């Protein structure tokens, strides 16, 4: 079954579209998938923060250093959370934000829906942080968000959230279909290695012109073909 979905190229364009739908004020629930680097949605210029959204669940964000810091400080601690502090990749931008440690877990859970149903999984030492209306799950072991237990194990009620943002390649649909109708799902193409928009990348060894990067490309088949 092919579900209808809307694809938005980039966080800025996503912000414009979602804000047009009163992203921060009404009960619209948007499930946003395939986020290579969710900082593009979290920072002060991203759609979630700039819209002053409240009642947001966000996850899962792989940052072992930040998860370790939260465990060191303990539940209830308030601190400046530094996202991507140990990352050096061009798509993993640093971001600092005031945060409160809401809950800490060992990151182990058993999935209940989709491809992870009845499967034991381990996100490593994990933390639920409150960024002021945005509750984000930070994990140690890199994985995508595709099962409700990745939120529910922290006591989060997905059905009560106004917006749920998931970092996933697409497997989230089978896990979250009990909460979201197809028309409530927005896929946002943030900068990252998995973007389907080839023009987003810097090509240094690719012969040009080449389709689809160059629309006026012509091709002559080899002789005899």
Being more than 16 Å from residue 77 (Cα to Cα) and outside any strand (DSSP E or B) is the filter here; which residues of the stretch 122-131 pass it? 123, 124, 125
In the stretch 72-83, which residues are part of a helix (DSSP H, G or I) and surrounded by fewer than 13 Cβ atoms within 10 Å (Cβ to Cβ)? 72
Per-region count, the stretch 138-186, residues touching a strand residue (DSSP E or B) at 6+ places or on another chain (Cβ under 7 Å), closer than 23 Å to residue 71 by Cα and buried (at least 23 other Cβ atoms within 10 Å of the Cβ): 7
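The rows are residues; the columns are (1) within 27 Å of the chain's Cα centre (by Cα); (2) part of a helix (DSSP H, G or I).
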{"site": "183", "(1), (2)": "yes, yes"}
{"site": "196", "(1), (2)": "yes, no"}
{"site": "199", "(1), (2)": "yes, yes"}
{"site": "202", "(1), (2)": "yes, no"}
{"site": "206", "(1), (2)": "no, no"}
{"site": "210", "(1), (2)": "no, no"}
{"site": "222", "(1), (2)": "no, no"}
Qualifying residue in the stretch 150-161 (condition: touching a residue at least 24 places away in the same chain (Cβ under 8 Å) and in a strand (DSSP E or B)): no
Within the stretch 199-210, is there a residue that is at pLDDT below 90, surrounded by 17 or more Cβ atoms within 10 Å (Cβ to Cβ) and within 22 Å of residue 87 (Cβ to Cβ)? no
When residue 92 is evaluated against the numbered criteria (1) outside any loop (DSSP other than H, G, I, E, B); (2) in contact (Cβ under 8 Å) with a residue 40 or more places away in the chain; (3) surrounded by 15 or more Cβ atoms within 10 Å (Cβ to Cβ), which criterion, by number, is the only one it fails? (1)
Selection status of residue 197, free of Cβ contacts under 8 Å to residues at least 12 places away in the same chain and over 22 Å from residue 151 (Cα atoms): no
Taking residue 124 as the residue in question, decide whether it is more than 28 Å from residue 184 (Cα to Cα), surrounded by 14 or more Cβ atoms within 10 Å (Cβ to Cβ), in contact with a helix residue (DSSP H, G or I) (Cβ under 9 Å, 6 or more places away or on another chain) and at pLDDT 95 or above. yes
Matching entry among 54, 86, 69 (being surrounded by 20 or more Cβ atoms within 10 Å (Cβ to Cβ) and either modelled with pLDDT of 75 or more or assigned to a strand (DSSP E or B) (or both)): 69
Can you report the number of residues in the stretch 163-193 which are over 23 Å from residue 126 (Cβ atoms) and at pLDDT below 85? 11
Going by the conditions given, is residue 212 without any contact (Cβ under 8 Å) to a residue 24 or more places away in the chain and either closer than 29 Å to residue 72 by Cβ or out of contact with any strand residue (DSSP E or B) (no Cβ under 6 Å at 6 or more places or on another chain) (or both)? yes
Residues located in the stretch 95-121, provided they are part of a loop (DSSP other than H, G, I, E, B) and either out of contact with any helix residue (DSSP H, G or I) (no Cβ under 8 Å at 6 or more places or on another chain) or buried (at least 16 other Cβ atoms within 10 Å of the Cβ) (or both): 106, 107, 111, 113, 117, 118, 119
Can you find even one residue in the stretch 132-140 that is touching a residue at least 60 places away in the same chain (Cβ under 8 Å) and part of a loop (DSSP other than H, G, I, E, B)? yes
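The values are calculated or read from the model by the stated rules, or taken from the named source; none is laboratory data. Nothing here was measured: the structure is a model prediction, and the numbers come from that model. Positions of Cβ are backbone-derived with ideal geometry, glycine not excepted, and every protein chain shown enters the neighbour counts.
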